[in-house]
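Reviewing the structure listed below.
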Amino acid sequence: MGALQASFTSFTNKHGLGVACFIGLTVFFWVVFLIVLPQLAMVDFSFRYNLPQSQIGGANDVYTLDNYAYFFQGNDGTINTLDIGILVKTLVAALIVTLIDIAICYPIAFILAHSATGVAARLMVIGLIVPFWVNEILRAFAFRVLFGATGLVNGIGMNMGLWDVPIDFIRADVALYSGLVYAYILLMIFPIFNAVEALDRNQIEAARDMGASWWRVHWRVVLPIAKPGIASGATMVFMLTAGALAAPQILGGPSNLWFTQLIYQWFNQSANWQRGSAYAVILLLVCIGFVMMMMRVFKVSIGEIGR
Amino acid sequence: MNKQTGGGPLAVGYSLLFFAFLFGPLIIMVVTAFNSSSFPRITPWECFTTEWFGVLFGNSRLMGGLLNSVVIGFGVVCIAVPVGLAGALALSELGPRLRATLYTVLITPILVPGVVLGISTIVFWGAVGRGVGAGYDSLFFNGMFLTLAGQVTFVSAYAMLVFMARLQRFDPTLTEAALDLGATPGQAFRKILLPFLAPAIGSAAFLTLLASFENYNTTVFTIMSQSTFTTALASKVRLGTDPSLSALAVIIIGITLIGAMVNEAQTRRKDMLRSGRAAQSRVYGNPVLSVLVHPLSVFFLLIAIVGFLSWQGSQQDAGVCKQQILDGKRARQEELLEAQRERMKAQKAAEEATKPTVSTQPASPSAFGGAFNSLAPKAEPAPAESANPSPFGGAFNNLTPTTDD
Amino acid sequence: MTTKDIVLDHVSIRFGSFTAVDNAHLTIKGGEFFSFLGPSGCGKTTLLRCVSGFTDPTEGMVTIGGKDMRGVGPNKRPTALIFQNLALFPLMSVADNIAFPLEVRGIGKKERRKKADELLDMIALPGVGEKKVHELSGGQKQRVAIARALAVEPDILLLDEPLSALDLKLRHHMRTELRAIQQRVGLTFIYITHDQGEALTMSDRIAVMNQGVVEQIGDPEAIYNRPKTAFVASFVGESNSFSGKVSSQSGKEVLLETPVGPLRGIAAGGRTYKPGDECYLFVRPEQMTIANGVQPDNSFTAQALKEEFEGNARHLFLNSQGVDLRLSRINLGAKTDDLSGSVITAGFSADQAIVLPHGPLAGT
């Protein structure tokens, strides 16, 4: 509290009382009413029964672990392999998408930071940003056009006689994975770019001069510098992929649900908000756990994320 | 390209491949907007048409969603930009430990899945609503309000990041100098820090508007029974597609490109003027060319081109071509039907010949209904999308959750 | 003309457990050009920020013209600070920069314009008012910053190493210019620098600081010729130092046992030493001579390592019993032999050598 008061005084001295009050009240409102309380409300909600309107707040409105028990055991006490499976599949898929993104973005980030110059670099930056001004739904739609049964890929493939029955890229999740990889490219490139840019070009040239192979230069000189950027980008891509909803809804195969779709169904089709909240809490915890693990493994702090 | 640090044919080749991946899907989608085929595709090419733009503007749900999106976007910009600014200023002034804690709290809305944000928002405000005894028609259950609240939560964090980046380049001695020269703290803020932040306010506003407009994951929960442009779009895409969405993509990409070009003209001009090389430059030194590359003239030039193209497009009539295609299809269908009849006959004959053989239906690529759809002539009631879901339309509808109650 | 004295009354400034300024106690007279001289990190900037009102003293107090300045913000003090990086407002024109102090006092546009033009004339930069700050050269920015500070009509101008970003020639020119401006406007200047040349040429009085402590206050000559601590002796100007133990003292003359043998010097400030006291003996390079038959008070043999020619002088670098020394000879135009590599006998007169108690030396 003392520290808060000291900062408030320093604000007042520096920017004036009005500005200090504006900052204090606004940040307070944001933190309390938009961030903390809603999360707490959701957690509270996830421990309640799905009651009709009239009984809310009544004698039956008590806390329960039911919603969580359902995730693990289903109704009949056996292990809920379906839902757990979907969660695991979502996480594994998100991990794969993240790894693919690292693999394709690292070279581009490096080229952008150290090889491209002048006009080429500017064009590259514009070329990177412009596609992401297009609506996320439309970007997913583009992949449907590309990978649909009568889409371009099938059309070309069949015309060239590579295969004669349309391949169902949707069911095989090819479309989904491509769409997700595409969707978060930007979030991977820029953190890596920011990190790699700090590298002094002379270091690369010196290493080359001493006879190191390209492979070695990257492994020993560039990658250590890029690591925080990669960790930051990977964290964001993973979180967003695991939490993606639009792309799986549009590009997902009929038998492959994303965990967020499960949550969506609890809310919109089964009208069981409580269980949906419980599933949301589970997703949140798993994702936070994963990010903490990442930060521990790669030794980066949360302060470096989002830069 | 700088050879010494890895620019070479390999790097160029990889970059080209990468940008092909980035732009390929968009270009293909854009092209499909002008194909008269009722399913968005390039092959087979039927007729050049602009009718899908008409279909797009005729879609009342999308247009209604657009209005909602604009209202929400405006509200989000008005709230999220000041909130983000406050957050960035707070972080710039706090001691290291408090700063780290606050940063973690303020950055989480970006990292938390949008779905979770949406849910927590409706649950929280619903609880508040019930707490004060408000009914379901009150603010706390209003989709627009909830969407505003949900989006502001994380969009503010984007704005904050923009302001933080700008603040990092602020020289705090400027504020001190202003104070030392007799300005009150408020005056120093208004006359020194705020003008410095002005460009960031612009980009933060743009970013927040885009983020609000594009958002799906949070909005799909908070909008309740209403819809925004993006949620309407998503449900349309999920339920079946036609090239009017491609037409939409054409419009959005067009706006984007115009924006990018005008912005580029603006930055180049600024760079030139700042560096003071404008007079020597061939383009900026020439009075005619210099006016021509002014961002405003670039803007109006592009608008004029777009206007001309749309007028041309609206004059275009694909009727004749479409009739031809239709006729062609009819003929093809006739042929197919004929062939089928022939086959049936032959089959019947064969069945009669060998009674125990089970009859086999002619194989129809039912799993790939889309392929079949396109063969059906338009004039006839085409197999409805819902009845014969395109192979990827039903991912969501087909599966009902494993409910227990 | 102002006669407001600034009194630092036992001022200490601490940040956590770090002491930036330790018990500074001094008076700066109105109209004086006063410099704080010290290496970076010695606390001189902190002290200046304390006078200008950005930092409060942890202990003690600052009074200006007899008025306690506690709780008076920087915008209310009769001081104007010129920042190290000048802190000109990049988004404003030169005239707007200069007129800023008037603008925040609610003075009308016309009058602001007039005052800005006056000040631009004063700094000999008429007609640049419409330019942007980044269009000015380093020296011009410097003068604009001074004009802006003068627009406040302060009693005291505080300058925080304002010349450090300039190149050598301009720096020398600006020294003269600053001194001239100060004499013209008659304000109190408090000048912070780590450059002894600046401090010695411009100041009426200098305070030498090290590690938060004011080591010595005096006019430039006293600081250079009569240092009171080992730090001042080693920091201001070039000095050769010999560490040793006192063997005896007779009157002012002290006999010191050093690695190069017994040396004689004068006890600074009339101190008396007991035999066995750890002391330094300092002698300037230009006071050292090569003993050619004439025996000075002190002499010893030394190896000449190399010789450097610096135009006005030749510097001979010596080593004697592990002590590195420097001997400077004024260049009078006559050809002298290059002595590097030879063994010579060096010496100096006892009058020119100062003996000071042990203490921290300036980093070399």
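Just need a number here: residues in segment A:135-144 that are open to solvent by less than 20 Å² (accessible area, probe 1.4 Å) and touching a residue at least 60 places away in the same chain (Cβ under 8 Å).
Going through segment A:135-144 one residue at a time, the tally reaches 5.
Looking at B:339, B:363, B:318, B:379, can you tell me which residue is more than 30 Å from residue B:258 (Cβ to Cβ), among the aliphatic types (A, V, I, L, M) and at pLDDT 55 or above?
None of the others qualify; the one that does is B:339.
Residues are listed down the side, and each one gets a yes or a no for (1) farther than 21 Å from residue A:242 by Cα; (2) without any contact (Cβ under 8 Å) to a residue 12 or more places away in the chain:
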site	(1), (2)
A:92	no, yes
A:105	no, no
A:112	yes, no
A:124	yes, no
A:129	yes, no
A:146	yes, no
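Can you name every residue in segment A:94-134 that is of a type in the set (Gly, Ala, Ser), more than 10 Å from chain B (Cβ to nearest Cβ) and surrounded by fewer than 16 Cβ atoms within 10 Å (Cβ to Cβ)?
Across segment A:94-134, the qualifying residue is only A:103.
Given the conditions (1) surrounded by 16 or more Cβ atoms within 10 Å (Cβ to Cβ); (2) farther than 26 Å from residue C:33 by Cα; (3) in contact (Cβ under 8 Å) with a residue 24 or more places away in the chain; (4) in contact with a helix residue (DSSP H, G or I) (Cβ under 6 Å, 6 or more places away or on another chain), and given that residue C:112 satisfies all but one, which numbered condition is not satisfied?
(3)
Just for segment C:70-96: of the residues that are of a type in the set (D, E, K, R) and loosely packed, with under 15 Cβ neighbours inside 10 Å, which one is nearest to the other protein chains (Cβ to nearest Cβ)?
So, considering only residues that are of a type in the set (D, E, K, R) and loosely packed, with under 15 Cβ neighbours inside 10 Å, the one nearest to the other protein chains (Cβ to nearest Cβ) is C:76.
Considering only residues that are open to solvent by less than 10 Å² (accessible area, probe 1.4 Å) and within 15 Å of residue A:251 (Cβ to Cβ), which ones fall in segment A:155-180?
Within segment A:155-180, A:170, A:175, A:176, A:179, A:180 qualify.
For residue C:304, which of the numbered conditions (1) surrounded by fewer than 16 Cβ atoms within 10 Å (Cβ to Cβ); (2) touching a Gly at 6+ places or on another chain (Cβ under 8 Å); (3) among the hydrophobic types (A, V, I, L, M, F, W, C) fails to hold?
Single failed check for residue C:304: (1).
Just for helices (runs of 4 or more DSSP H) wholly inside segment A:208-275: which have at least 3 residues that are more than 7 Å from chain B (Cβ to nearest Cβ) and under 15 Å from the mean Cα position of the chain (by Cα)?
A:223-242
Based on this model, can you work out whether residue C:170 counts as part of a helix (DSSP H, G or I), more than 14 Å from chain B (Cβ to nearest Cβ) and closer than 20 Å to residue C:45 by Cβ?
Against the criterion (part of a helix (DSSP H, G or I), more than 14 Å from chain B (Cβ to nearest Cβ) and closer than 20 Å to residue C:45 by Cβ), residue C:170 does not qualify.
Okay, residues lined up against (1) more than 8 Å from chain A (Cβ to nearest Cβ); (2) of a type in the set (S, T, N, Q); (3) within 30 Å of residue A:272 (Cα to Cα); (4) touching a helix residue (DSSP H, G or I) at 6+ places or on another chain (Cβ under 7 Å):
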position: B:78; (1), (2), (3), (4): yes, no, no, no
position: B:81; (1), (2), (3), (4): yes, no, no, yes
position: B:87; (1), (2), (3), (4): no, no, no, yes
position: B:91; (1), (2), (3), (4): yes, no, no, yes
position: B:100; (1), (2), (3), (4): no, no, no, yes
position: B:115; (1), (2), (3), (4): no, no, yes, yes
position: B:120; (1), (2), (3), (4): no, yes, yes, yes
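Pick from A:189, A:185: which is open to solvent by less than 30 Å² (accessible area, probe 1.4 Å), more than 30 Å from residue B:35 (Cα to Cα) and either in contact with a Cys (Cβ under 8 Å, 6 or more places away or on another chain) or aromatic (Phe, Trp, Tyr) (or both)?
The unique qualifying residue is A:189.
Just to be sure before I move on: is residue B:127 open to solvent by 40 Å² or more (accessible area, probe 1.4 Å), within 17 Å of residue A:273 (Cα to Cα) and not β-branched (Val, Ile, Thr) in the structure I sent?
yes
Starting from residues that are closer than 18 Å to residue C:164 by Cβ and at pLDDT below 90, keep the ones in segment C:15-41 and report whichever is least open to solvent (accessible area, probe 1.4 Å).
In this case the residue turns out to be C:41.
Could you list, in sequence order, all residues of segment B:198-216 that are in a helix (DSSP H, G or I), within 13 Å of chain A (Cβ to nearest Cβ) and crowded, with 19+ Cβ neighbours inside 10 Å?
Result: B:207, B:209, B:211, B:212, B:213, B:214.
Got at least one residue in segment C:136-157 being farther than 28 Å from residue C:197 by Cβ, out of contact with any Pro (no Cβ under 9 Å at 6 or more places or on another chain) and in a helix (DSSP H, G or I)?
Among the residues of segment C:136-157, not one is farther than 28 Å from residue C:197 by Cβ, out of contact with any Pro (no Cβ under 9 Å at 6 or more places or on another chain) and in a helix (DSSP H, G or I), which makes the answer no.
Do you know which of the residues in segment B:1-20 that are at pLDDT 75 or above and either more than 7 Å from every other protein chain (Cβ to nearest Cβ) or assigned to a loop (DSSP other than H, G, I, E, B) (or both) is surrounded by the most Cβ atoms within 10 Å (Cβ to Cβ)?
B:12
Hey, among the residues in segment B:256-279 that are among the small types (Gly, Ala, Ser) and at pLDDT 80 or above, which one's most open to solvent (accessible area, probe 1.4 Å)?
The residue in question is B:259.
Just to be sure before I move on: is residue B:69 of a type in the set (Ser, Thr, Tyr), surrounded by 15 or more Cβ atoms within 10 Å (Cβ to Cβ) and over 24 Å from residue A:5 (Cβ atoms) in the structure I sent?
yes
Please work out which residue is nearest to the chain's Cα centre (by Cα), limiting yourself to segment C:230-246 and to residues that are closer than 20 Å to residue C:272 by Cα and buried (at least 22 other Cβ atoms within 10 Å of the Cβ).
Here the residue is C:232.
The values are calculated or read from the model by the stated rules, or taken from the named source; none is laboratory data. Only a predicted model underlies this, so the values are computations on that prediction, with no experimental measurement involved. Neighbour counts run over all protein chains shown; Cβ positions are idealised from the backbone, glycine included. The protein model used for the area step is the full one, side chains on, heavy atoms only, and it has no ligands, DNA or RNA in it. Shrake-Rupley method; radii C 1.70, N 1.55, O 1.52, S 1.80 Å.
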